[in-house]
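The values are calculated or read from the model by the stated rules, or taken from the named source; none is laboratory data. Quick caveat: nothing in here was measured; it's all calculated off a predicted structure. Positions of Cβ are backbone-derived with ideal geometry, glycine not excepted, and every protein chain shown enters the neighbour counts.
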2 protein chains.
Amino acid sequence: MPERPSGPPLRLYPLPPREVGENGIYGDLELPAPGSPARPYVLINMVASVDGRASVAGKASGIGDETDRRAMRALRSRVDAVMVGAGTLRAEKLNLGLDDPDSRQPLAVILAGSGPVPLADRLVESSQDTLLIIPSGSIIPQETIPTGTKVLCVPASIPGRADLPELLEILRSDHGVERLLVEGGPSLNRALIDENLTDEIFLTIAPKLLSGHECAIVRGDSPAPHEPRHLELLSVHSADDELFLRYRLENHP
Amino acid sequence: MPERPSGPPLRLYPLPPREVGENGIYGDLELPAPGSPARPYVLINMVASVDGRASVAGKASGIGDETDRRAMRALRSRVDAVMVGAGTLRAEKLNLGLDDPDSRQPLAVILAGSGPVPLADRLVESSQDTLLIIPSGSIIPQETIPTGTKVLCVPASIPGRADLPELLEILRSDHGVERLLVEGGPSLNRALIDENLTDEIFLTIAPKLLSGHECAIVRGDSPAPHEPRHLELLSVHSADDELFLRYRLENHP
């Protein structure tokens with residue numbers, strides 16, 4: 001396939017289309033205020049291939065390209081905290097901050113489950129504060145927790161799994177998190193959606209087929225079968241063959 | 001979420017955007033001629049949810065809406081044959097034809113594997129011709145094959161699995177199939193992509209989360225690990241919150 005000249009990122013929808021300015025995709029995003037006093041406004045951001053895969057050998061990092069990476073940073077600049085599950089940290093090295101060291105960095109929130117949390121090995125050091133969330137009953141060896149990390153124990157809904165409504169309430173009330181960006185993994189996304197704790201989903205569709213790699217952006221069975229959830233399409237951006245979709249979730253009352 | 005007024009389908013990309021005419025999405029689609037004399041030009045058309053699921057309880061039919069159904073019919077009107085794997089037939093009742101009985105109907109091609117092929121129960125009768133493909137070595141009881149069905153035996157690559165290049169060559173040379181639309185299931189999609197027998201992928205993204213249902217648009221492990229396949233984005237259409245993406249595959253020489 002001949003290489004096509006690279007065009008500027010575009011906002012395709014809503015109409016009229018326009019070129020995205022120098023701040024890049026989502027660089028000028030305005031997020032609503034939280035709809036509830038009990039939790040932050042919660043965004044999930046993921047990248048997937050056209051065939052719906054969200055990881056290659058457990059890692060999401062190779063799926064999107066530089067434009068996706070920039071859009072991800074733009075989303076981070078719009079929130080007070082960025083959260084990932086420990087499984088995502090086990091899969092690959094992560095930097096949950098912004099590139100510009102002079103920017104106000106979002107709080108990095110790592111949610112432990114029942115497995116190890118290789119914070120020292122996998123979280124790339126930056127100037128941002130790190131909050132390690134440990135569900136009650138889980139055991140984390142002290143020597144794996146880097147100096148400077150704050151540890152917050154929260155109630156567990158089931159052993160090894162944080163009570164998410166409680167966690168979000170604490171993030172809001174005690175840590176001033178008005179807007180929270182969640183970057184996976186699929187099990188955490190799943191739990192947040194199932195518990196009606198997600199306001200928007202940002203999905204980058206990388207122009208690739210990755211078949212054979214089984215991870216989707218949401219993983220795990222629902223505790224109880226439920227109806228499909230409708231999403232409202234808020235925007236579509238493109239950059240060459242890559243698409244950036246923004247959806248709003250309808251949450252049950 | 002308040003119901004928004006339904007807008008006309010739009011072509012968002014390539015620019016400039018425009019309303020889709022009365023023929024609907026893909027109603028005016030022009031498909032290239034086959035690039036090889038050895039097979040038809042092959043399209044895969046699938047619908048998936050935002051979280052990458054392509055079926056609910058094995059069925060794809062409930063995922064897209066009426067606009068998607070219409071786009072699917074438009075694609076069928078542009079090809080000489082529509083093919084599905086027998087597993088898709090086992091999952092649900094299918095009509096592989098066009099709604100207008102006066103239209104030239106595409107040939108319905110059902111690809112048997114090693115399981116049963118419930119043609120009489122599941123293929124909705126229409127005025128179209130039906131071709132049942134049986135890989136050599138597979139056994140199909142005669143009483144399950146409806147009167148009027150043509151049966152074509154083809155070589156098997158492995159027991160129970162048709163030799164796809166051979167099958168496509170026969171469809172082209174003996175049945176005049178210049179353009180073939182494949183509507184799944186995920187294992188057949190997968191095999192066609194892996195064997196470099198796919199030219200385009202049409203993907204409808206339904207504005208839904210269907211988590212818990214595990215089927216993606218492509219399923220199964222590759223015979224050998226291979227590199228991600230790049231796709232070129234050809235067009236983006238929207239109809240309310242639903243998106244219609246068209247991609248071209250780069251095939252290895």
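Just one of (1) surrounded by fewer than 21 Cβ atoms within 10 Å (Cβ to Cβ); (2) within 14 Å of chain B (Cβ to nearest Cβ) trips up A:MET46, so point out which.
Result: A:MET46 passes all but (1).
Tell me, yes or no, whether the stretch A:181-192 has at least one residue that is in contact with a helix residue (DSSP H, G or I) (Cβ under 8 Å, 6 or more places away or on another chain), without any contact (Cβ under 8 Å) to a residue 40 or more places away in the chain, within 12 Å of chain B (Cβ to nearest Cβ) and not hydroxyl-bearing (Ser, Thr, Tyr).
Yes; the residues of the stretch A:181-192 include at least one that is in contact with a helix residue (DSSP H, G or I) (Cβ under 8 Å, 6 or more places away or on another chain), without any contact (Cβ under 8 Å) to a residue 40 or more places away in the chain, within 12 Å of chain B (Cβ to nearest Cβ) and not hydroxyl-bearing (Ser, Thr, Tyr).
From A:ARG76, A:ARG18, which residue is among the basic types (Lys, Arg), out of contact with any helix residue (DSSP H, G or I) (no Cβ under 6 Å at 6 or more places or on another chain) and without any contact (Cβ under 8 Å) to a residue 60 or more places away in the chain?
A:ARG18
Please work out if B:GLY160 is more than 12 Å from every other protein chain (Cβ to nearest Cβ), at positive phi and modelled with pLDDT of 90 or more.
no
Starting from the stretch B:112-132, keep only residues that are touching a residue at least 60 places away in the same chain (Cβ under 8 Å), then list their pairs with residues that are among the aliphatic types (A, V, I, L, M) and surrounded by fewer than 20 Cβ atoms within 10 Å (Cβ to Cβ) whose Cβ atoms are within a distance under 7 Å, requiring at least 6 positions of separation or different chains.
Sorted first by the residue in the stretch B:112-132, then by its partner, the list stays empty.
I'm trying to understand the selection: among the residues of the stretch A:110-129, which are out of contact with any helix residue (DSSP H, G or I) (no Cβ under 7 Å at 6 or more places or on another chain) and closer than 12 Å to A:LYS150 by Cα?
Scanning the stretch A:110-129 gives A:GLN128, A:ASP129.
Okay, residues lined up against (1) part of a strand (DSSP E or B); (2) at pLDDT 90 or above; (3) of a type outside the set (A, V, I, L, M):
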| residue | (1), (2), (3) |
| --- | --- |
| A:ILE193 | no, no, no |
| A:PHE202 | yes, yes, yes |
| A:ALA216 | no, no, no |
| A:LEU233 | yes, yes, no |
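Out of B:GLY52, B:GLY21, B:GLY62, I need the residue that is surrounded by fewer than 23 Cβ atoms within 10 Å (Cβ to Cβ) and within 13 Å of chain A (Cβ to nearest Cβ). Which one?
After applying the criteria, what remains is B:GLY62.
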